[in-house]
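The values are calculated or read from the model by the stated rules, or taken from the named source; none is laboratory data. Treat the numbers as computed from the prediction; the structure is a model and nothing was measured. Every residue, glycine as well, gets a Cβ built from its backbone with ideal geometry; the counts of neighbours run over all protein chains shown. Surface areas here come from the heavy atoms of the whole protein model, side chains and all, with no ligands, DNA or RNA. Shrake-Rupley method; radii C 1.70, N 1.55, O 1.52, S 1.80 Å.
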Amino acid sequence: MPDILIVDDSISVRKALEITLRNHQMGSRSAISAEQALDMLGENADYDLLMIDVIMPGMSGLDLCGQLKADPKLAHLPVILMSGNVDEDVKAQAREVGAHNVLRKPFRSEELIPMIENILAEARAQADALVSEARSTADATLADAKQRADALLADVAETLADIGAPEGTP
């Protein structure tokens with residue numbers, strides 16, 4: 001079950017999102033501010049997606065998103081920014097800070113759920129590609145190490161033969 005962190009100062013938005021997500025077999029936790037979200041992520045960054053309000057007291061959602069994307073431990077987390085005003089300026093700002101999408105509030109579940117599912121599928125595909133790349137790199141490194149070890153053993157055997165040591169002597 002995907003686990004989503006909702007960051008919004010409005011209790012009605014948080015509750016509506018929690019209910020909608022729960023009805024679609026998605027788990028959620030909520031933070032009332034960017035600062036609280038940072039504290040929560042410091043304790044546990046195992047979220048599949050963050051949904052962040054753009055305009056909140058204190059740190060804005062745009063600033064939070066930018067800070068998350070600048071942190072190597074949190075940069076991989078997909079972000080949907082939410083705003084009552086979604087114009088080209090907000091979309092451009094969202095792209096600048098690394099958000100995956102912008103959701104207009106009030107939202108409709110017919111728009112929200114496919115957006116979340118697409119972002120989660122993309123994140124899974126990226127994770128799978130990284131795992132595959134890591135496996136290929138590890139396999140190549142292992143093959144290279146084996147080749148070097150075989151060459152070293154051949155050199156040792158040749159040196160031992162040159163000095164007349166009995167076969168099989170280390």
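Values as computed for the structure displayed
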quantity: Simple Cβ-charge dipole of the range 45-114, Lys/Arg +1 and Asp/Glu -1, about Cα centre, in debye nearest 20; calculated: 20 debye
quantity: Convex hull per residue volume in Å³, alpha carbons only, for the chain; calculated: 158 Å³
quantity: Choice from D144, D128, D46 showing the highest fluctuation, given a GNM over the chain with Cα pairs closer than 10 Å; calculated: D144
quantity: GNM flexibility winner over the chain from I119, I52, I19 (Cα, springs under 10 Å); calculated: I19
quantity: Computed [θ] at 222 nm, helices only, for the chain once each DSSP H run of length n ≥ 4 contributes -39500 (n - 2.57); calculated: -19500 deg cm²/dmol
quantity: Accessible carbon and sulfur surface of the chain relative to its total accessible area, %, 1.4 Å; calculated: 54 percent
quantity: Within a Gaussian network of the chain (alpha carbon springs, distance under 10 Å), most fluctuating of L81, L130, L41; calculated: L130
quantity: D (Stokes-Einstein, µm²/s), Kirkwood Cα radius, the range 72-133, 0.692 mPa s at 37 °C; calculated: 255 µm²/s
quantity: For the chain, accessible area per residue (1.4 Å probe, heavy atoms of protein chains only), Å²; calculated: 60 Å²
quantity: The range 1-96 - Debye-derived log10 I(q)/I(0), Cα point model, q = 0.10, 0.13, 0.19, 0.21 Å⁻¹; calculated: -0.24, -0.40, -0.88, -1.08
quantity: S132 paired with A157, simple spin-label distance in nm, labels 7 Å along Cα-to-beta-carbon; calculated: 3.8 nm
quantity: The range 1-65-the range 68-102 distance, computed between alpha-carbon centres (Å); calculated: 13 Å
quantity: Candidates per trypsin sites (Lys or Arg not before Pro) in the range 88-170, loop by DSSP, up to 10 other Cβ within 10 Å; calculated: R108
quantity: Extension gain, L120 back to I11 (0.36 nm per residue minus Cα-Cα distance, nm); calculated: 36.8 nm
quantity: Relative contact order [Cα under 8 Å, 6+ residues apart], the range 62-129, whole percent; calculated: 31 percent
quantity: For the range 81-143, with +1 on Lys and Arg beta carbons and -1 on Asp and Glu, the positive-most of N101, L130, T141 along the dipole; calculated: N101
quantity: Average Cα contact separation per residue, the chain, under 8 Å, 6 or more apart, as relative contact order %; calculated: 16 percent
quantity: Qualifying lysines (Cα of each under 19 Å from Cα of K91; at least 8 residues distant if same chain); calculated: K69, K105
quantity: Dipole magnitude of the chain, debye to nearest 20 (Cβ charges: Lys/Arg +1, Asp/Glu -1, about Cα centre); calculated: 740 debye
quantity: Accessible-area value, L103, 1.4 Å probe, nucleic acids and ligands omitted, Å²; calculated: 0 Å²
quantity: Label-to-label distance, nm, for residues given as R95 and D39 (7 Å Cα→Cβ offset); calculated: 3.6 nm
